[in-house]
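Bear in mind that the values in this text are calculations on the coordinates, not laboratory data. Computed from a predicted structure; not experimentally measured. For neighbour counting, all protein chains shown are included, and Cβ atoms are generated from backbone atoms with ideal geometry for every residue, glycine included.
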Amino acid sequence: MRQALNVLGTPLVPCSLAPLTGWYRDGCCHTDDHDAGSHVICARVTVGFLNFQVERGNDLITPRPEHRFPGLKPGDRWCVCALRWREAYEANCAPPPVLECTHERALQFVPLSWLQRAAAAA
C-alpha cells in the first residue's frame, strides 16, 4: 500500500489527535472505499461552519460517545466530509482547510484553488 498524499502532493500529515479525528480515528484524514462520506478535508472548524451543519441536520457539536465522537468546538481540527465542506464553501462559510493534512482524494470533490483560497483567508 502506498503512502497517502495530501492535496499538495506530499505525504499526508496528521490532522488532530485531540480531538482524535479521521475515518479510522487515527488522527489523519485517511480514507478507503468504505468511507461513503469521504472524510478527507482537514479543517479548523468555525462557529459559522458548525452552525451551518446543525441547520442541515449534521450536528457536529453534540458529543456522541457511542461513535467515539467528542463533539466539536470552534478551533478544533477535524476531518470533514468533502461534500459537506463544498456545500459550506458555496454558502461562504467553509472552515479553513489545513492543506498538508487534507487527503488528495478531496480533489475529486473540490478544486485545489478553492482549498487554497479558503486556507489563505484564515
| Residues whose placed amide H lies under 5 Å from that of Val98, excluding near-sequence neighbours | Cys42, Ala43, Arg44
| message | Given points 7 Å out from each Cα along the Cα-Cβ axis, report the Asn58 to Leu5 separation in nanometres with one decimal. | response | 2.6 nm
| Interchain or long-range residues, amide H under 5 Å from Leu5's placed H | Leu12, Glu104
| note | Phi-derived 3J(HN,Hα) across the stretch 93-110 with the Karplus relation (6.51, -1.76, 1.60, θ = phi - 60°), rounded Hz, x for Gly and Pro, is 9, 6, x, x, x, 9, 4, 5, 9, 9, 4, 4, 4, 4, 5, 6, 10, 9
| query | Going from the alpha-carbon gyration tensor of the stretch 1-114, what semi-axes, largest first and in whole Å, does one get by taking the root of 5 times each eigenvalue? | reply | 20, 17, 12
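What 222 nm value per residue comes from the helices of the chain, counting each DSSP H run with n ≥ 4 as -39,500 (n - 2.57) and dividing by all residues, nearest 500 deg cm²/dmol? Write out the running numbers ahead of the final one.
On the way: 3 runs with 27 residues, N = 122.
Computed ellipticity for the chain at 222 nm equals -6000 deg cm²/dmol.
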| task | Evaluate the distance, in nm, between pseudo-label points positioned 7 Å from the Cα of Asp32 and of Leu83 along their respective Cα→Cβ axes. | result | 2.1 nm
| Just checking the chain: which Cys have no other cysteine's beta-carbon under 4.7 Å? | Cys28, Cys81, Cys93
| Translational diffusion of the stretch 19-70, µm² s⁻¹ [Kirkwood Rh, Cα pairs; Stokes-Einstein; 10 °C; 1.306 mPa s] | 131 µm²/s
| request: List, in order, the whole-Hz ³J(HN,Hα) value for each residue of the stretch 10-16 obtained from phi through the Karplus relation with A = 6.51, B = -1.76, C = 1.60 and θ = phi - 60°; use x for Gly and Pro. | output: 10, x, 5, 9, x, 8, 6
| task | Quick one: what are the phi-derived ³J(HN,Hα) couplings along the stretch 34-43, Karplus 6.51/-1.76/1.60 with θ = phi - 60°, whole Hz, x for glycine and proline? | result | 8, 7, 4, x, 6, 7, 10, 9, 7, 10
